[in-house]
Structure formats: C-alpha cells, structure tokens
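Only one structure is covered here, and it is reproduced in the block below.
The values are calculated or read from the model by the stated rules, or taken from the named source; none is laboratory data. Because the structure is a prediction, the values reported are computed rather than measured. Positions of Cβ are generated from backbone atoms using ideal geometry, with glycine treated the same way; all protein chains shown enter the neighbour counts. Just the protein is used for accessible areas: all its heavy atoms, side chains included, with ligands, DNA and RNA removed. Shrake-Rupley method; radii C 1.70, N 1.55, O 1.52, S 1.80 Å.
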Amino acid sequence: MGALCRFHAKYVIEGELETEWLQAAGLGSLAAPARAGLEVTEAQLGEAVRPLPRDQAAAVRRRVRRLNRTVRRKRAASRARKPDIRDVFRDLENSSGSEPRSRSATPDSLDSLPSAGSGSPPAEWADAPAPTDFVDTYQGGGHSALGRTPSAPAPRRARLSPPGQHSPPASQHSPPAPHRGHDLFKPNDLHWADIASNTEGIELLGYQRYGTVQGPRIGKERINGSILKDSDPFVKKHAVVSRAKSVASAGSAAQQPLSFEHKFNLDRQVLNQEEEWPEEGSTVDIECVAEPTLKKLQPLVWLELTALFDRYSLPFHKRKPHKKKRKEEGSVFGVSVETLLRKDMILWEETWSSVPSVLRAVSAALAQRCADEGLLRVPGNKHKVEALCQLVEREWWSERSAVEAALRRAAGHDLAALYKRLLRELPQPPLTQELMRLFYHTYALSGGTQARALNLLVLLLPAEQRATLRAVLRLVRAVAARADRNKMSEHNVAMIIAPTLFPPSLLIKPTDSLETQVATAANSCVVTEALMRWADSLWLVPASLLAAAQRKPRARHHHT
C-alpha cells in the first residue's frame, strides 16, 4: 500500500507541475481536462497553439504530452489498485452464525470446537485412553535409547577418526542418561557450519544456507574444517572506493584542483561567444508598460523563456512559494520589501519608488564612499556596525532625518556591512525563491543567449523585487567602476554580492559534497557577474513580445 501511495503521489506532483506551467503561460483551458481526469485532445491543443511561434508551440506540446501521459498513468494505477489485506477475511467476519467457521481463519478458532460452549471436551473423547507422556516414558527407561537420524549433525566431540583408527563405541553416541531427561530439549553446541557429511553413509552433493545465518568471517570461520581461501565463492572482493574526481589520482588532481577560482575561470572561457542581443528595436523599459499590456506580456515571456530553456536542455522548474509566511517581528531587519513599501506609503506617502526608503538611504550614503579601498570586502568595526544597525531598527520610522544624518557620518565599511545585512535578512531574496533556481541555471549559457535568458527572467519578477534588484546592481556597478581606487574589480564585487542574490541555504543541501558546494558558489558568481555586465539592458522588453502583447485578438467570424 505504501508503494502504491508513493506511485500516486509521484504522478500527482508531475501533473501539478505541468498544470501550473500551463496556468502561468495563460493556457488554463488546456489544464482543465487534466483536473477532470481527461486527456487534452489534439483539436484542443491545436486551437491553443495556433497563434504561437514554432518554438513556443513546441514547448506547449511537450508539456501537454507529458500531462496526458500522467493522466493515463494515474488512470491505470487506479484500475490496478491492490486489494486491502483487511478485505480477505471480511466475508468470514460478516457471515451468519449458522455457517461453520474455518478453524484456521482466526486466532481464536479453538473456541469453535464442538463443545456446545461448555468449555469441556466433547463426549466422544471421554472413553478415549489418555495419551502417553513422552517425557515420563523417556525418563522411565522402558524404551530403547533414541538413535540418531542420518541427517542430525554430530557433536563436535564425535568427529571422524583419522584413517586407521577404529570408531568410538556406539555407547558414546547414545543419548544422555535417563536421569538427565530434561537436557533433551536444551540447545546443543552445534555450529552453523556443521552440516551433514558422509559419516553416516550419505554423500554430500551440495548445500545451501537459508534464513538469516550470516556468512563466515574470512580467516576465522571454517566450513567442514577447511579455512576459507580467496578462491572460495563466499569471499567477495570489493573495488576500492575512490574519492571525488578532483582527487582520484595525482595526475588528475594536478589538472583539476578543487578551488573556487579554477572553477570560475573555466566557466568564463565559454563567455566569448557573443550573440546579437538585445533584440533590434527593443527600447521600451518594463516600468513604462501599461498594466493591461503587462498582464498580456507575462504569459508570452513565460513561453519564450521555456522555449529557450528547452532548446538548451536546461532544467525548468519553478519553485513553489511557501504557503506559511514567516512572522515579521522586527521593525526594519527581516521585514519583507512589500511591508517596508507599505509603511513608506502610510507614513510619508511615498508612492513614486518601488524600492524601500531605508535601502535607498543606505545605498545613497554608500555611493559616496565608492573610492574606499576594499569596499564591500573589508568588514567594518563590529561595535560600530552593531550600533548602526540598532539605530536603524529602533528609530527609522520615528526619527528618519536623524538616522539619515548618522548614515552620512558613518564609515564606508560600516555602511557596507549594514547594507549587506539588510539585504541578506530579507524574507524573500531579490531574485525570489520561485525564480532563483532558474536564474542560477543560466550559468550554463553564454554570451547574448545568457543575457536574453536573464532579461526574460527579470521581466517575470514582481515589480518590488525587480526594482530592488535594479538598485542593487546600480550600486555594485558604481563600486566596480572605481576599481582603480578601491581595488574592487567586477569579479571581486560579484563574489561578495553573489550570496545575497543566491543564498547558499536555498541552493546547497547539507549532503552535498565539498566539490558540489564549490561549483555552486562559482556558478552563482558567474551569473552575478553576468547580471552586472548586462544591467543596462535587462529591463528592456523585447520588441517582438511587446508587439504580440499589444496586438488585438482577431475577431472570430461565425457563419450562419
């Protein structure tokens, strides 16, 4: 039953993934039959994909085929449901009292003996002679000694005598003395390897162990008195288990050192293949798109991104958001971007920006310190940073002007520590938990293809997260632009800001190997540097998608 439940759960999850994808692509009509346990017909599919480009239509067809296959398997699984073990005796339990019950049906079948419920044996048993007591007879010595059966193993003291010697008298093989009859049922000193041999006129042709008897320990146990050798079939050789491929051998270790910089440099070698991007005529910023057009644009961007990931065989799984929201106990730290913006609107009527005021204030003060050497990398003074964080947490909503003045007086490294802490304690990272893994998988792309994928992903972000990401990229690019003074190149800045955009707790599992963790960190750095490189054009809507979103649907002519 447990395996059957896992079988159902597997296909239910697969069906949910495909259904959610169709909903996000604006094709909810194709998901409706699956909810009802029906397959999507070719006519329904053809009508839905007719206005789509070839790549997008192919992506839809792949998901629908997968969804139909899941529906068929779920139906087959429901038809092949195994019977419950409780159904086996259900008819017997519900049968009438007039029908005799089987004595082997239930554990209490002894109660159904023909004793009329009196608890005494039946009358025909009264005249029968009492059965003999086996133990009493054995102890009385009235019977002859019990002989050994040919298949019974011989005690250790009764081994075969060497050639030329006579066998011991038969009296040594006799059972214990009558006065020790209670030893008859005690366990003997037999060893598991003492098996039948040809000592009793039986030739051993072969044997096989049954049950849970463990095999011999090499070098200590014996079978028929012979020590196991390497050629014995019980001795199993195990291949030597090697470590990760980076330390498999001295030669390979020298060629593939386990280091962050080595992995990062290998990935950068494939970034030289530049493709034409952005698309010609793409000049409209996403923030300037009207709300009705934006609603039509989202499904088109989703389809285009799916087609791109399918073309390069990248995993395309949008992570589900957490249903249970974390309780926000703080005033500034650990509070979501949406809540901070709501407070800005209520207290100061600031509706012109989608970036929280506290992030804008710290970023503005930090932009004045871009020439400080080691900015973002060198940690600030621990006590000053903690005092600055407490000041922001305690007085930002009541004494905003005083806090802003303190931020202007603070040292650059202390401001950088405050800024990174604000970002890393956000409940939702700037790339969102739903889309962060899709951002991460773009490390496998290169050049303009990678930029195009990042552009589509940025357009799918919620407005608040997208504006926050834009502010972060604007600041870190300003720091990298002063690399001649602060010694912080684009690569150095990407290494520092990558854990903020790609929290390790959401990407790395505790069971991942060290090599996997290093590779994940290097890939996150690659994507962060790509975001910085293409930051000026990531917010532009592709001209073809914008035209498709603004195109009015064709009116259907009904013939009468």
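Computed quantities for the displayed model
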read-out: Violating pairs (Cα-Cα greater than 19 angstrom) within the set Lys382/Lys420; Lys318/Lys420; Lys343/Lys384; Lys318/Lys343; value: Lys318/Lys420; Lys343/Lys384; Lys318/Lys343
read-out: Cα→Cβ-extended label distance, 7 Å offset, between Gln390 and Ala43, nm; value: 7.4 nm
read-out: Two-decimal Rg/Rh across the stretch 328-426, once Rg and the Kirkwood Rh are taken from alpha-carbon atoms; value: 0.95
read-out: Stretchable slack from Thr351 to Arg50, in nm (0.36 nm times residue separation minus alpha-carbon distance); value: 104.2 nm
read-out: Two-site label geometry, Ser489 and Arg65: point separation in nm, points 7 Å out along Cα→Cβ; value: 4.6 nm
read-out: Computed lengthening from Ala371 to Ser398, 0.36 nm per intervening residue step minus Cα-Cα distance; value: 6.5 nm
read-out: Estimated inter-spin distance, Glu20 and Leu514, nm [label 7 Å along Cα→Cβ]; value: 3.6 nm
read-out: The stretch 342-488, dipole about Cα centre (Lys/Arg Cβ +1, Asp/Glu Cβ -1), debye to the nearest 20; value: 460 debye
read-out: 3J(HN,Hα) from dihedral phi, the stretch 383-398, Karplus parametrisation 6.51/-1.76/1.60, rounded to Hz, x for glycine, proline; value: 5, 5, 5, 5, 5, 5, 5, 5, 5, 5, 5, 8, 10, 5, 7, 10
read-out: Potential lengthening between Glu287 and Arg409 on full extension [0.36 nm per residue; Cα-Cα distance subtracted]; value: 40.6 nm
read-out: With DNA, RNA and ligands ignored, accessible area of Tyr440 (1.4 Å probe; Å², nearest 10); value: 20 Å²
read-out: Cα-centred dipole magnitude for the stretch 328-426, charges only on beta-carbon of K, R (+1) and D, E (-1), debye, nearest 20; value: 360 debye
read-out: Relative contact order of the stretch 328-426, pairs being alpha-carbon contacts under 8 Å that are 6 or more residues apart, as %; value: 40 percent
read-out: Relative contact order, percent, the stretch 379-499 [alpha-carbon distance under 8 Å, six or more residues apart]; value: 18 percent
